[in-house]
Structure formats: C-alpha cells, structure tokens
1. Output ³J(HN,Hα) for region 25-37: one whole-Hz value per residue in order, computed from phi by the Karplus curve 6.51 cos²θ - 1.76 cosθ + 1.60 with θ = phi - 60°, and x for Gly and Pro.
2. From the backbone phi of region 67-72, what are the Karplus-calculated ³J(HN,Hα) couplings (6.51 cos²θ - 1.76 cosθ + 1.60, θ = phi - 60°) in whole Hz, Gly and Pro given as x?
3. Probe of 1.4 angstrom, ligands and nucleic acids ignored: what's the accessible area per residue over the chain, in square angstrom?
4. Return the whole-Å distance between the Cα centroid of region 196-270 and the Cα centroid of region 118-192.
5. Going by amide H atoms built from the backbone, whose H comes under 5 Å of the H on Asp288, apart from near neighbours?
6. Give the dimensionless ratio obtained when the Cα radius of gyration of the chain is divided by 2.2 N^0.38 Å.
7. Using a cut-off of 9 Å between beta-carbons, work out the net charge of the residues near Ala54 (Lys and Arg +1, Asp and Glu -1, Ala54 not included).
8. For Thr167, tell me the accessible area in Å² from a 1.4 Å probe, rounded to the nearest 10.
Amino acid sequence: MTKGGVQADHQIKALIADDAISAQEEITSAQIQPASLDLRLGEVAYRVRASFLAGRSRTVAARLADFQMHSIDLTKGAVLEKGCVYVVPLMENLNLPNGMTAAASAKSSIGRLDLLTRIITDHGIEFDRVPEGYQGPLYVEICPRSFSVVAQTGQMLNQIIFRQGKTFMSDDALRALHAESPIVSGDPVISDGLGFSVDLRPEQGNLVGYRAKPHTGVIDLSKLNHYDPAEFWEPVHTDDGWIILDPGAFYILVSREAIVIPPMQAAEMAPYLAMVGEFRVHYAGFFDPGFGYAAAGGAGSRGVLEVRCHEAPFVLEHGQVVGRLVYENMAALPEALYGREIKSNYQGQGLKLSKHFRM
C-alpha cells in the first residue's frame, strides 16, 4: 500500500510506470517536480460561451457540445484573447488507485500573468479537484484576465499533486514543526494554516508592487526573459505603508514574511476570509518541498501575492494578513528539492514578475 501523504517525485514516477498516470505522448522527466507533475496542453482549444463544470452525471465532452463556439488549432500556437473562456483537453489521463485523490493549480508564472486556469474532469463538481479513484481525461479551462496570450500544444500551464489518505497538518503539528525548524520569519500566525501578510514597507526604496495595465500587447508564453515590464505593468510606490486597490485591477505584491517549506512538507496557498476586505489573493500556488529552505538555496524567499480588488476601492495596509499556507505531509522524501537539484525560477525570490519579463 502506498504510504499516506503527498506523493514525492519518485512515487509519481511509479504511478506513471503503473499507468495510473498516462499520456498521449511520453511523460518527460522535465514534467516531474519534487511533489507535483506539470500537465501539457493538447492540440486544440475550444472557445466556449461560459465557464462550466461537468456535473455528476455528465462528461466534459458532453458539456462542450452544449457550450462550444468554435475550435482553435494550438499545434503552431494561437492567441487566447483576454476576457474569453477556452477549454483545452490535456495530454495526460488518470487512473488513480483506491484512496488516492489529486489536486491541481496554475503554475507560478501563469498565476502572475493573471491567467485563470482551472482543471476540470468528467463528472466533476469542483474545479482543480480530482476525486478518489478517478479514471478519465483531464481538461483545463483557460480565461486570460489581464493579457491576451499565445499558447501552444505541449506548454505546461498547470501542475497536479497526488494525495494518499490524510495529508494536511493540524495547527498543533504546524506549531511543533515551526519550533523544530522555523517555517516563517518572525512569530508565526497559525490558524487553519500559516497566515502571511503583505509587505508595503520595503527595506529599500518605496516600490511595493506592480499593477497590470489595462490595454497591452499579447504575451507569447514561450518567450522567457523577453518582455519589457513597462509595456505591461505600472509600478506601485508608497511611502505611507498603505495603498488603495482599484476595483477590477490586478496587482503583484509580496509577503512581508520569508517562508520555508521543509523537505518533508508541501504547502498550498489558500484564500483568506472575504470578510477582511474587498479583495482576493489568488491561490494559484502549490509550494514544493525545499521552497525557501536554506540548504536548497532559498533563504529569505517571500510569497508573491496575486491580488484582485472587487467591487469597492480598498485600503491595504502594511502587515495586513491576506492569506494562509496550508501545510501537508509528504509520503516520502523527494529525490530533488525545489531550487537545489532542479532549475527553479523563484527560489530566494522577493517581489518578482513572471519569468516572461526582463527584470
């Protein structure tokens, strides 16, 4: 029996060998992260009238027949337009064993582009959640919010983790972990996970974030370290320790705390209670084992916050708690840690845009 916990890289390889994870094209080692698998876009995108879930009694293909407007060939790259909704079949399929579930998330660079991407399944009733023992295809819903993008077959916009049994750590276990090996700079705020706050008083200068410009060019997802940030982002400065969020605007900010994910833990960013204000911190993120871990070169790593304001302007203050990290136990020690054995773009990060921009 597979040990309980989030499955590590070598356990994901075993799932592939056992055909619990299969694909139209061979799964490559580059897709396998310390605690997750990157998922690849298939050959076609379907423009649909609205976002949808299949529902318990139907398949995604059946729902596509209801909502599809037209199809787009992705094999040579194609523009997915801002404000439109697309559904793309993924290359990977699942045949999960009993007791195993899966959860998906946008990759870090995708969330930082305000590109809403969510996994849907046949008979699914939740986004980004795959039920125990699921057998069938995977699809991704893509909705560019701030920028139109060029996407292409084989690109990896989402990642998926595999959970065997109970994986989540209690608050008491999290406090014990912090006492043994600190998981956050300063005093931890632990309540249903580790709370983190926004940094609006940087140690140097007064640059605290970036706001997406409303009318920009297209971003080709294949082009890295390519675009001038000034063409897509407005810098956000403050000397006062607070900023006013504009309704409908998208911001890149950074956490005040440095965060650590030890080798035998993984974490997921969860939304904070809506009652704290008229904004949402995008929960695009899984944090792999080793993120922020000093031995993996990550000392001082901050969490990048993808913030969208809702109906009313809202004052965001320095140190205001805006989200939480939910920690999970790994089933085994990964062969590779984030930032050490694998190439990791955001180890040791502070305030940073996605890897598509020159910095």
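1. Computed from phi, the couplings for region 25-37 are 10, 3, 6, 9, 5, 5, 7, 8, 9, x, 9, 8, 10 Hz.
2. Those phi angles translate into 10, 5, 9, 6, 10, 10 Hz.
3. 43
4. So the two Cα centres are separated by 20 Å.
5. Excluding prolines and chain starts, which carry no amide H, there are no hits.
6. Details: Rg = 19.8 Å, N = 359, 2.2 N^0.38 = 20.6 Å.
This ratio for the chain stands at 0.96.
7. Numbers: positive: Arg56, Arg58, Arg63; negative: Asp122.
With Lys, Arg at +1 and Asp, Glu at -1, the net is +2.
8. Probe radius 1.4 Å; accessible area of Thr167 about 0 Å².
The values are calculated or read from the model by the stated rules, or taken from the named source; none is laboratory data. What you are looking at is a predicted structure, and each value in this text was computed from that prediction instead of being measured. Ideal geometry is used to build each Cβ from the backbone, glycine not excepted, and the neighbour counts take in all protein chains shown. These area figures cover heavy atoms from the full protein model, side chains too; ligands, DNA and RNA do not enter into them. Shrake-Rupley method; radii C 1.70, N 1.55, O 1.52, S 1.80 Å.
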